[in-house]
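**Q** Sharing a structure below in C-alpha coordinates format, with a few things to ask.
The values are calculated or read from the model by the stated rules, or taken from the named source; none is laboratory data. Small disclaimer: the values here were computed from a predicted structure and weren't measured. Ideal geometry is used to build each Cβ from the backbone, glycine not excepted, and the neighbour counts take in all protein chains shown. Note: accessible area is taken over every heavy atom of the protein model, side chains too, but ligands, DNA and RNA are not part of it. Shrake-Rupley method; radii C 1.70, N 1.55, O 1.52, S 1.80 Å.
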Amino acid sequence: MTAVFPGTFDPFTKGHLDILKRAQKIFNNVTIAICASPSKHTYFSLEQRVEMVKKCVGNDENIEIIGFSGLLVDLLKDKKALYLVRGVRNTLDCEYELELTGMYRDFLPDLEIIMLPTSHEYSYISSSLIREIHKHGGDISRYVPDEIVEYIKQQ
(Lines give C-alpha, C1' and ligand atoms only; values in the text may rest on other atoms or scores of the structure.)
Protein backbone atom coordinates (compact mmCIF):
# COMPACT_ATOMS: atom_id res chain seq x y z
CA MET A 1 0.00 0.00 0.00
CA THR A 2 1.20 3.48 -0.92
CA ALA A 3 0.22 6.73 0.77
CA VAL A 4 0.86 10.34 -0.14
CA PHE A 5 2.06 12.72 2.58
CA PRO A 6 1.62 16.22 1.10
CA GLY A 7 2.69 19.58 2.39
CA THR A 8 4.59 22.75 1.74
CA PHE A 9 7.34 21.68 4.18
CA ASP A 10 8.78 25.20 4.38
CA PRO A 11 10.91 23.92 6.12
CA PHE A 12 10.53 20.21 6.94
CA THR A 13 10.34 19.93 10.74
CA LYS A 14 10.87 17.26 13.38
CA GLY A 15 7.07 17.09 13.56
CA HIS A 16 6.88 16.27 9.84
CA LEU A 17 9.60 13.64 10.28
CA ASP A 18 7.63 12.13 13.17
CA ILE A 19 4.49 11.83 11.01
CA LEU A 20 6.53 10.31 8.16
CA LYS A 21 8.11 7.66 10.43
CA ARG A 22 4.72 6.74 11.83
CA ALA A 23 3.16 6.57 8.36
CA GLN A 24 5.94 4.17 7.34
CA LYS A 25 4.72 1.78 10.04
CA ILE A 26 1.32 1.68 8.33
CA PHE A 27 2.20 1.85 4.63
CA ASN A 28 4.75 -0.03 2.53
CA ASN A 29 5.57 3.10 0.54
CA VAL A 30 5.12 6.79 1.25
CA THR A 31 5.33 9.56 -1.32
CA ILE A 32 6.25 12.91 0.19
CA ALA A 33 4.59 15.41 -2.14
CA ILE A 34 6.03 18.90 -1.73
CA CYS A 35 3.69 21.53 -3.07
CA ALA A 36 5.00 24.58 -4.94
CA SER A 37 2.33 26.75 -3.22
CA PRO A 38 3.05 30.06 -5.01
CA SER A 39 0.24 31.79 -3.11
CA LYS A 40 2.02 31.09 0.19
CA HIS A 41 5.16 33.03 -0.81
CA THR A 42 7.41 30.30 0.58
CA TYR A 43 10.66 31.07 2.37
CA PHE A 44 12.51 28.37 0.45
CA SER A 45 12.09 27.53 -3.24
CA LEU A 46 10.45 24.27 -4.25
CA GLU A 47 13.83 22.94 -5.36
CA GLN A 48 15.38 23.80 -1.99
CA ARG A 49 12.53 22.17 -0.07
CA VAL A 50 12.80 18.98 -2.14
CA GLU A 51 16.56 18.93 -1.57
CA MET A 52 16.16 19.48 2.19
CA VAL A 53 13.68 16.62 2.54
CA LYS A 54 15.95 14.34 0.50
CA LYS A 55 18.83 15.14 2.87
CA CYS A 56 16.64 14.24 5.87
CA VAL A 57 15.22 11.04 4.47
CA GLY A 58 18.28 9.77 2.64
CA ASN A 59 17.96 6.92 0.20
CA ASP A 60 15.10 5.03 1.81
CA GLU A 61 13.74 2.92 -1.05
CA ASN A 62 10.23 3.00 0.42
CA ILE A 63 10.02 6.78 0.26
CA GLU A 64 9.55 8.82 -2.88
CA ILE A 65 10.09 12.58 -2.69
CA ILE A 66 8.52 14.74 -5.37
CA GLY A 67 7.73 18.38 -5.94
CA PHE A 68 4.46 19.32 -7.61
CA SER A 69 2.27 22.25 -8.52
CA GLY A 70 -1.44 22.33 -9.10
CA LEU A 71 -4.18 20.50 -7.28
CA LEU A 72 -3.37 17.75 -4.84
CA VAL A 73 -6.32 15.71 -6.13
CA ASP A 74 -4.76 15.73 -9.61
CA LEU A 75 -1.51 14.38 -8.16
CA LEU A 76 -3.43 11.72 -6.23
CA LYS A 77 -5.20 10.68 -9.44
CA ASP A 78 -1.90 10.56 -11.36
CA LYS A 79 -0.33 8.43 -8.64
CA LYS A 80 -3.48 6.29 -8.32
CA ALA A 81 -3.14 6.91 -4.59
CA LEU A 82 -5.98 5.80 -2.34
CA TYR A 83 -4.42 6.98 0.94
CA LEU A 84 -3.58 10.48 2.07
CA VAL A 85 -1.62 11.08 5.29
CA ARG A 86 -2.11 14.31 7.22
CA GLY A 87 -0.53 15.36 10.49
CA VAL A 88 -2.68 17.30 12.94
CA ARG A 89 -1.36 19.26 15.92
CA ASN A 90 -4.55 20.57 17.46
CA THR A 91 -8.30 20.97 17.03
CA LEU A 92 -7.85 23.82 14.54
CA ASP A 93 -5.80 21.53 12.30
CA CYS A 94 -8.48 18.84 12.68
CA GLU A 95 -11.27 21.21 11.67
CA TYR A 96 -9.32 22.41 8.65
CA GLU A 97 -8.47 18.85 7.57
CA LEU A 98 -12.11 17.77 7.99
CA GLU A 99 -13.17 20.56 5.63
CA LEU A 100 -10.59 19.43 3.09
CA THR A 101 -11.71 15.82 3.46
CA GLY A 102 -15.13 16.68 2.04
CA MET A 103 -13.56 18.38 -0.96
CA TYR A 104 -11.08 15.57 -1.58
CA ARG A 105 -13.88 13.00 -1.52
CA ASP A 106 -15.91 15.01 -4.04
CA PHE A 107 -13.05 14.44 -6.48
CA LEU A 108 -11.88 11.02 -5.24
CA PRO A 109 -14.71 9.12 -3.51
CA ASP A 110 -12.48 6.12 -2.68
CA LEU A 111 -9.75 8.19 -1.04
CA GLU A 112 -9.02 7.42 2.61
CA ILE A 113 -7.56 10.23 4.68
CA ILE A 114 -5.39 9.15 7.59
CA MET A 115 -5.00 11.91 10.19
CA LEU A 116 -2.15 11.25 12.57
CA PRO A 117 -1.99 13.38 15.71
CA THR A 118 1.44 14.87 16.15
CA SER A 119 3.47 13.44 18.99
CA HIS A 120 3.22 15.63 22.09
CA GLU A 121 6.79 16.91 21.95
CA TYR A 122 6.19 18.36 18.47
CA SER A 123 2.64 19.66 18.91
CA TYR A 124 3.67 23.32 19.11
CA ILE A 125 6.12 23.28 16.18
CA SER A 126 5.06 24.91 12.93
CA SER A 127 7.04 25.82 9.84
CA SER A 128 5.82 29.41 10.06
CA LEU A 129 7.18 29.80 13.61
CA ILE A 130 10.48 28.25 12.56
CA ARG A 131 10.75 30.68 9.64
CA GLU A 132 10.18 33.62 12.02
CA ILE A 133 12.84 32.38 14.42
CA HIS A 134 15.28 31.91 11.54
CA LYS A 135 14.55 35.33 10.00
CA HIS A 136 15.52 36.95 13.29
CA GLY A 137 18.70 34.94 13.74
CA GLY A 138 17.35 32.51 16.34
CA ASP A 139 18.41 28.92 16.85
CA ILE A 140 16.07 26.51 15.04
CA SER A 141 18.06 23.35 15.74
CA ARG A 142 15.57 22.03 18.31
CA TYR A 143 12.75 22.11 15.79
CA VAL A 144 14.19 20.76 12.56
CA PRO A 145 16.30 17.70 11.72
CA ASP A 146 20.08 18.24 11.82
CA GLU A 147 20.22 17.89 8.03
CA ILE A 148 17.96 20.95 7.66
CA VAL A 149 20.13 23.03 9.99
CA GLU A 150 23.23 22.10 8.00
CA TYR A 151 21.48 22.79 4.69
CA ILE A 152 20.34 26.25 5.84
CA LYS A 153 23.82 27.12 7.15
CA GLN A 154 25.26 26.37 3.71
CA GLN A 155 22.86 28.74 1.94
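**Q** Relative contact order, percent, of the range 1-78 when contacts are C-alpha pairs under 8 Å separated by at least 6 residues? Walk me through the intermediate numbers first.
**A** Details: 99 pairs, mean separation 27.9, N = 78.
Over the range 1-78, the number comes to 36 percent.
**Q** A follow-up question, please. Would you mind checking the range 6-45 for residues with the amide N under 16 Å from a putative spin-label position 7 Å along Cα→C-beta of Ser126?
**A** Once the point is set 7 Å along Cα→Cβ of Ser126, 8-16, 40-43 turn out to lie under 16 Å by backbone N, inside the range 6-45.
**Q** Given +1 on the Cβ of Lys and Arg, -1 on the Cβ of Asp and Glu, and no further charges, what dipole in debye does the range 93-155 carry about its Cα centre, rounded to the nearest 20?
**A** 360 debye
**Q** For the chain, what relative contact order do you get, as a whole percent, if you take Cα pairs closer than 8 Å and at least 6 residues apart?
**A** Rounded, it is 32 percent for the chain.
**Q** Given R₀ = 25 Å, FRET efficiency for Ser119-Asp74 by Cβ-Cβ distance, to 0.05?
**A** So, using R0 = 25 Å, E works out to roughly 0.20.
**Q** A follow-up question, please. For a quick check: with amide H placed at 1.01 Å from N, whose amide H comes under 5 Å from Glu64's, ignoring anything fewer than 5 positions away on the same chain?
**A** So Glu64 has HN proximity to Val30, Thr31, Ile32.
**Q** Hey, what's the chain come to in accessible area per residue, 1.4 Å probe, Å²? Walk me through the numbers on the way to the answer.
**A** Numbers: 8710 Å² over 155 residues.
Ligands and nucleic acids excluded, the figure is 56 Å² per residue.
**Q** Using the alpha-carbon centroid of each, what span in Å lies between the range 95-155 and the range 10-85?
**A** So the two Cα centres are separated by 11 Å.
**Q** Continuing with the same structure: Which of the helices in the chain, when you take each full DSSP H run, stretch at least 20 Å along the axis at their Cα atoms and have an average Kyte-Doolittle score of -1.0 or higher?
**A** Span-like helices here: 91-107.
**Q** While we're here: So what does the Cα-only Debye profile of the range 5-65 read at q = 0.22, 0.23 Å⁻¹, as log10 I(q)/I(0), no solvent term?
**A** Ignoring solvent entirely, the Cα scatterers give -0.86, -0.93.
**Q** So how far apart, in nm, are the two label points at Arg89 and Met103 if each is 7 Å from Cα heading toward Cβ?
**A** 2.0 nm
**Q** To continue, here is another question. Take the Cα atoms of the range 88-155, find their three principal axes, and give me the spread along each one in whole Å, biggest first.
**A** Rounded to whole Å, the extents work out to 44, 24, 19 Å.
**Q** How much of the accessible area of the chain, in percent, comes from carbon and sulfur atoms when a 1.4 Å probe is used?
**A** On the way: 4370 of 8710 Å².
Carbon and sulfur atoms account for 50 percent of the accessible area of the chain.
**Q** Stokes-Einstein at 37 °C, 0.692 mPa s, Kirkwood radius from Cα pairs: D for the range 116-155 in µm² s⁻¹?
**A** Rounded to a whole number, D works out at 299 µm²/s.
**Q** Ratio of alpha-carbon Rg to the 2.2 N^0.38 Å globular estimate for the range 1-115, to two decimals, please.
**A** In units of the 2.2 N^0.38 Å rule of thumb, it is 1.01.
**Q** Which whole-number percent is the relative contact order of the range 61-126 (Cα, under 8 Å, 6+ apart)?
**A** For the range 61-126, the relative contact order is 40 percent.
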